1. Would you mind finding the one in Gly121, Gly117 that is surrounded by 10 or more Cβ atoms within 10 Å (Cβ to Cβ) and either assigned by TED's automatic domain parsing to the domain that holds Val18 or at pLDDT below 95 (or both)?
2. Can you tell me which residue is farthest from Thr116 (Cα to Cα) among those in region 91-105 that are buried (at least 16 other Cβ atoms within 10 Å of the Cβ) and within 19 Å of the chain's Cα centre (by Cα)?
3. Report, ordered by the first and then the second residue, all pairs with beta carbons closer than 7 Å, sequence separation of six or more or different chains, a first member in region 3-16 that is outside any strand (DSSP E or B), and a second member that is at pLDDT 80 or above and of a type in the set (S, T, N, Q).
4. Going by the conditions given, is Glu115 within 16 Å of the chain's Cα centre (by Cα), in a loop (DSSP other than H, G, I, E, B) and without any contact (Cβ under 8 Å) to a residue 24 or more places away in the chain?
5. Which numbered condition in (1) in a helix (DSSP H, G or I); (2) surrounded by 17 or more Cβ atoms within 10 Å (Cβ to Cβ) is the only one that Ile71 fails?
6. How many residues are part of a loop (DSSP other than H, G, I, E, B), modelled with pLDDT of 85 or more and surrounded by 13 or more Cβ atoms within 10 Å (Cβ to Cβ) when one looks only at region 20-49?
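The values are calculated or read from the model by the stated rules, or taken from the named source; none is laboratory data. Predicted, not measured: the structure shown is a model, and the values here were computed from it. All Cβ positions, glycine included, derive from the backbone under ideal geometry; neighbour counts span all protein chains shown.
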Amino acid sequence: MRKRDTTNIPEGTTVCSVCRQRKDNLEFSWYTSRPRMRGPNKTSRTRPNSHCRDCSKFLDKQLKKAKDWAIKNGFPRPEYGEPCQCCGKPVYKCLDDIPDGVIGRWSWQCDHDHETGKFRGWVCKSCNTGFGGLGDNIESLSNALEYLRKTQ
């Protein structure tokens with residue numbers, strides 16, 4: 001088994017965005033070849049997300065279970081070029097695959113309920129990230145919609 005490279009991981013602690021516990025930075029995953037682009041320590045590495053390693057393992061298992069359920073029950077990942085169920089824009093494998101003149105998205109994502117693990121559907125990365133950024137629940141999405149309505 002390969003030993004984990006811990007060079008250039010900044011000293012200190014971070015609060016996990018899932019379990020809300022403050023943990024040593026060594027308890028988080030870090031890119032090995034992507035340095036920080038801002039801040040006082042530009043030689044340290046960038047953290048890919050704010051989940052501790054334990055929570056990341058749990059979330060990875062939950063996501064795999066949702067994907068496996070979807071495929072087993074007749075909900076395979078849509079073909080590239082098909083529209084996202086949420087925004088309606090065509091979804092391609094990567095940004096470079098979007099044809100010139102097409103307003104499209106890239107990367108299908110398995111949308112699932114983080115409380116129950118239940119599969120909800122296949123959406124583009126932009127929509128899935130948007131759900132997560134807004135709290136991944138109806139109340140927060142409704143609040144965002146109400147805000148947009150008030151500010152038009």
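1. On the way: Gly121 fails: either assigned by TED's automatic domain parsing to the domain that holds Val18 or at pLDDT below 95 (or both).
Within the list Gly121, Gly117, the selection yields Gly117.
2. Across region 91-105, the extreme among qualifying residues is Gly104.
3. As it stands, the answer is Ile9/Asn25; Pro10/Asn25; Glu11/Asn25; Gly12/Asn25; Cys16/Ser50, since those pairs meet every condition given.
4. So Glu115 fits the description; yes.
5. Looking at each condition in turn, Ile71 falls short on (2).
6. Residues of region 20-49 that are part of a loop (DSSP other than H, G, I, E, B), as a first pass: 20-21, 29-34, 36-44, 46-49.
Then drop every residue that is not modelled with pLDDT of 85 or more, which leaves 20-21.
Subsequent filtering for residues that are surrounded by 13 or more Cβ atoms within 10 Å (Cβ to Cβ) retains 21.
Looking only at that region, the number is 1.
Conditions tested, residue by residue: (1) more than 22 Å from Arg77 (Cβ to Cβ); (2) touching a residue at least 24 places away in the same chain (Cβ under 8 Å).
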residue	(1), (2)
Asp97	no, no
Gly101	yes, no
Gly104	no, no
Arg120	no, no
Val123	no, yes
Cys127	no, yes
Gly130	no, no
Leu141	yes, no
